[in-house]
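Since the structure comes first, as structure tokens, the remarks are kept for the end.
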Amino acid sequence: MRYQLYYWPGLQGRGEFVRLALEDAGAGYDDVAREPGGMAKMMVAMKGEGVGEKRPPFAPPFLKAGKLVIAQVANILFYLGPRHGLAPKDDGARLWLNALQLTVTDFVQEVHGTHHPIATGLYYDDQKQEAKQYTAHFLKDRVPKFLGYFDTVIANSGGPYVLGRRVSYTDLSLFQLVEGLRYAFPKAAKRFEAKVPRVVEVRDRVAGRDGIKAYCASERRVPFNEDGIFRHYPELDG
């Protein structure tokens with residue numbers, strides 16, 4: 001099956017968590033909005049036209065898999081995981097992995113708050129003071145809490161991954177979290193990474209996987225920029 005991924009062009013964003021799974025699995029997919037006329041196709045699809053008028057997606061990313069249209073990152077990965085060797089088939093383990101991925105979702109939302117703490121409809125420059133205050137708490141309290149949790153999960157699993165010896169889509173997501181935090185907060189990252197060695201090891205292991213290595217070296221991997229979730233504003237990197 002060839003998939004159609006719908007997400008905003010020009011940035012990694014939430015769609016990158018899905019791309020990493022597809023690329024690691026070597027799955028064929030079209031990044032629809034990056035193709036000529038693709039944005040128009042995506043906007044039409046968001047109205048439900050051609051993807052199931054009674055069940056339109058709220059926002060990208062969403063994935064078309066045959067007749068199925070699947071929205072929300074964790075939901076998409078829950079579908080893709082067991083089909084591409086990135087999740088176990090056992091129900092209990094799959095649900096546990098889904099819970100971990102939903103925790104990633106929570107963390108991503110807090111990352112977004114570092115540059116949009118008041119409202120997404122306002123520019124960063126309209127909320128810089130609030131962003132600075134928010135980010136100070138984020139780096140001091142929230143990053144250690146989230147990454148420390150994942151570090152404990154890996155330790156409890158026996159490692160080297162969140163499920164033990166087998167890599168999963170959540171491990172790919174941890175790779176993206178570490179890469180994003182390194183881009184957005186290079187100074188702070190050096191401090192908190194020292195306290196979560198298992199998470200960093202997952203990042204390194206994922207980086208060395210053939211599919212991920214090839215993807216990151218390709219033009220398909222859009223560089224981090226100040227339009228995405230992870231944004232580098234030097235004044236926030238305390």
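The values are calculated or read from the model by the stated rules, or taken from the named source; none is laboratory data. Note that the structure is a prediction, hence the values are computed from the model and not measured. Using ideal geometry, Cβ is built from the backbone for each residue, glycine included, and neighbour counts are taken over all protein chains shown. Side chains included, ligands, DNA and RNA excluded: accessible areas come from the protein's heavy atoms. Shrake-Rupley method; radii C 1.70, N 1.55, O 1.52, S 1.80 Å.
Kindly indicate whether Met1 is part of a helix (DSSP H, G or I), open to solvent by 10 Å² or more (accessible area, probe 1.4 Å) and either under 17 Å from Asp227 (Cα atoms) or not small (Gly, Ala, Ser) (or both).
Here the answer is no, as Met1 does not meet what is asked.
Out of Ala207, Ala194, Ala214, which single residue is over 30 Å from Lys132 (Cβ atoms) and open to solvent by 40 Å² or more (accessible area, probe 1.4 Å)? Can you show your working first?
On the way: Ala207 fails: open to solvent by 40 Å² or more (accessible area, probe 1.4 Å); Ala194 fails: over 30 Å from Lys132 (Cβ atoms).
Within the list Ala207, Ala194, Ala214, the selection yields Ala214.
When you scan the range 122-145, how many residues do you find that are without any contact (Cβ under 8 Å) to a residue 40 or more places away in the chain, open to solvent by 20 Å² or more (accessible area, probe 1.4 Å) and under 19 Å from Gly180 (Cβ atoms)? Before the answer, list the steps.
Here is the first cut: in the range 122-145, the ones without any contact (Cβ under 8 Å) to a residue 40 or more places away in the chain are 122-123, 125-127, 129-130, 133-134, 137-138, 140-142, 145.
Those left that are additionally open to solvent by 20 Å² or more (accessible area, probe 1.4 Å): 122-123, 125-126, 129-130, 133-134, 137, 140-142, 145.
Then drop every residue that is not under 19 Å from Gly180 (Cβ atoms), which leaves 134, 137, 140-142, 145.
Within the range 122-145, residues that are without any contact (Cβ under 8 Å) to a residue 40 or more places away in the chain, open to solvent by 20 Å² or more (accessible area, probe 1.4 Å) and under 19 Å from Gly180 (Cβ atoms) number 6.
Residues that are at pLDDT 95 or above and farther than 23 Å from Glu16 by Cβ: does the range 160-177 have at least one? Give the steps one after another, and end with the answer.
Narrowing the range 160-177 to residues at pLDDT 95 or above: 160-177.
Those still in the list that are farther than 23 Å from Glu16 by Cβ too: 164-165.
So far as the range 160-177 goes, yes, one or more of its residues are at pLDDT 95 or above and farther than 23 Å from Glu16 by Cβ.
Restricting attention to the range 217-238, report how many residues are surrounded by fewer than 16 Cβ atoms within 10 Å (Cβ to Cβ) and either outside any loop (DSSP other than H, G, I, E, B) or among the β-branched types (Val, Ile, Thr) (or both).
Matching residues across the range 217-238 total 2.
Check Ile70 against each of (1) more than 30 Å from Leu236 (Cβ to Cβ); (2) in a helix (DSSP H, G or I) and name the one condition it does not meet.
Every listed condition holds for Ile70 apart from (2).
Can you name the residue in the range 42-67 that is buried (at least 16 other Cβ atoms within 10 Å of the Cβ) and assigned to a helix (DSSP H, G or I) and is also modelled with the highest pLDDT among such residues?
Among residues in the range 42-67 that are buried (at least 16 other Cβ atoms within 10 Å of the Cβ) and assigned to a helix (DSSP H, G or I), the one modelled with the highest pLDDT is Met42.
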